Amino acid sequence: MMKRLTIWGGLTALLILQACENKIPETTTTESPVNEVIFTSTIDNMSASRAYDSQWEAGDRIGVFMTTSGTNELQRENVPYITEQNDGFFTSEKEGEELEFPEDGTEVDFTAYYPYDADAATSYPEYAVNVTDQSRQNAIDLMIANNLTDRNIENLKTGNRLQFCHVLSKLVINISPAQKGIRLTVLNVPATATANLETEAVTPSQETADIPMHVNEEGTQAEAILIPQDNLSGGLRIKVELDGKSKDVPTNITILKGGNKYVYNFTITGAGSNVTVDPQAKYSSWMETPVITESELAKSNIKYITHYTDETYGNTSWGKIRNYSMLYDTDLKMAYWVAYPLHSHFIGDSKRKDNWRFDPEIDKQYQINVIDKTYSGSIYRRGHQIPSNDRTASQYMNEQTFYVTNQTPQRQDRFNGYIWMQLEQKIHGWASGSDTIYIVTGAVPPKGESMDKIYDNSGNQVVIPDYYYKAVARKISGQYHTIGFWMEHKDYENQEFMNYACPVSELEEKTGFTFFPDLSSATKNELKMTYWQ
């Protein structure tokens, strides 16, 4: 297994939150006996979601301004509204202070913001921003909704949906392994700004400060909500402090855009007097792709490969799409992991071909020769990492799963064709109830010599993995959930694969890889079995 012995920082992904120009179709509500205005809401075009924790919380409060349509003439200012049931349905917090449409049909505009602050919004349309205190992320996660314009009393019938958009920037650092007591600080950035609630523009102050990041209790993730900036001279810098040592870690972030989330991954070591930096390598990555560092990818025996396929569904050509990616070791002749998405467009009527072949992306001398037959004279068979059954939309797509780089020797009767197969079928079934499910399948090589000795068709000894695992992520009710499976490579007495379920964060500790780096540590720490039974 590859070992990580340095502290490194690398840009994993820039997640651009969905654009807010598209208006959301409005729902019908029951007419109120008075002219009271109530609101439904979306955030970044997603119902009941939020960058901080992906969901409204019961008791969340927003402030609402009502102006004469097309002007800054205030009719009501900074009226607090509340969602009682964390569903994004907002009503007036205080009885008798409800917003009401003018009975004469005069048109009005609404501007709303989150979180409500009676002191910060005293000079409409300006709003005072201060990100100094990062201890409560949801208290500074500024969002603005100004899509409701030219409204009148008739909109009591059609409804009023506020479309919130994030206007600040979010920095997330995933830390591996967990480091309780670690401190991270964003250096020399503005701590205050003025936001315009009408235009959503954020103007940073000239003074800068060091912003301590919020680190979770486990020491696995640090977060900071930052003020957008057009030019960060020299790039954003982060100070890491642990066990009396510190390191100023540079990044390649030179612009902080409002509404964007920036995700980095740090691997920490407390050994040695000097802390070094190993940035993430530049490679094509997606939601399912684990983190790869520059030092790892620089090794001559490590290859990162993505297989693509050109597909047409019905009368629509999808063009070049990814089939799956892998991190392959030419010395061991096996993939540490294979990562792939799964949704309905990958499933069709193509049949399993069993036409094993060499991977065209890697020289044949670095591949196991099990083309003509499997591991003869043994209990082992060619076990897929991405299953053939998960790629049946076309013959070519399915054939790519039969590259020998996608297989490892698996015990057949009581593992590959037994409990492991049941797990693969369960994950396949989960995909039918999801938009997209993201999967990483991995194999862990033995620490020493394999107890069994098996050989390929060319007479070369083959490495037999000690463990296999799967990491899975999918959206359920607009929020990501994850599950992992860690299984010793042995014969099993029953097929109860759920006995080996674990949080994805536990897989990260066991393997040293960072899975689903765009998801929060809380999402990977949590395992709600009711979502997966």
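The values are calculated or read from the model by the stated rules, or taken from the named source; none is laboratory data. Just so you know, these numbers come straight off a predicted model, no measurement behind them. FYI the Cβ positions are ideal-geometry reconstructions off the backbone, even for glycines, and counts take in every protein chain you see. Surface accessibility is based on the protein's heavy atoms, side chains included, excluding ligands, DNA and RNA. Shrake-Rupley method; radii C 1.70, N 1.55, O 1.52, S 1.80 Å.
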Checklist entry - Can you name the residue in the stretch 66-102 that is at positive phi and under 38 Å from the mean Cα position of the chain (by Cα) and, of all such residues, is most open to solvent (accessible area, probe 1.4 Å)? => result 86
Checklist entry - From the residues in the stretch 117-140 that are outside any helix (DSSP H, G or I) and of a type in the set (A, V, I, L, M, F, W, C), which one is farthest from residue 208 (Cα to Cα)? => result 118
Checklist entry - What is the residue count in the stretch 105-119 for residues that are surrounded by fewer than 19 Cβ atoms within 10 Å (Cβ to Cβ) and not charged (D, E, K, R)? => result 4
Checklist entry - Which condition breaks for residue 133 when tested against (1) out of contact with any strand residue (DSSP E or B) (no Cβ under 8 Å at 6 or more places or on another chain); (2) more than 30 Å from residue 248 (Cα to Cα); (3) open to solvent by 50 Å² or more (accessible area, probe 1.4 Å)? => result (2)
Checklist entry - Which residues, taken from the stretch 140-151, are open to solvent by 30 Å² or more (accessible area, probe 1.4 Å) and more than 14 Å from residue 200 (Cα to Cα)? => result 149, 150
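Residues checked against (1) under 20 Å from the mean Cα position of the chain (by Cα); (2) polar (S, T, N, Q); (3) assigned to a strand (DSSP E or B):
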residue: 486; (1), (2), (3): no, no, yes
residue: 490; (1), (2), (3): no, no, no
residue: 499; (1), (2), (3): no, yes, no
residue: 517; (1), (2), (3): yes, no, no
residue: 522; (1), (2), (3): yes, no, no
Checklist entry - Has the stretch 202-219 got at least one residue that is open to solvent by less than 70 Å² (accessible area, probe 1.4 Å), charged (D, E, K, R), out of contact with any Pro (no Cβ under 8 Å at 6 or more places or on another chain) and touching a residue at least 12 places away in the same chain (Cβ under 8 Å)? => result no
Item to check | Residues located in the stretch 391-406, provided they are buried (at least 23 other Cβ atoms within 10 Å of the Cβ) and more than 19 Å from residue 320 (Cβ to Cβ) | outcome: 405, 406
Checklist outcome for this item: Exception for residue 175 within (1) buried (at least 21 other Cβ atoms within 10 Å of the Cβ); (2) under 19 Å from residue 141 (Cβ atoms) falls at (2)
Next on the checklist: I need the full set of residues from the stretch 62-107 which are of a type in the set (S, T, N, Q) and more than 20 Å from residue 153 (Cβ to Cβ), in order please.
Outcome noted: 72, 78, 83, 85, 86
Checklist entry - Any idea which of 350, 273, 284, 344 is surrounded by fewer than 17 Cβ atoms within 10 Å (Cβ to Cβ) and either touching a strand residue (DSSP E or B) at 6+ places or on another chain (Cβ under 7 Å) or at pLDDT 95 or above (or both)? => result 284
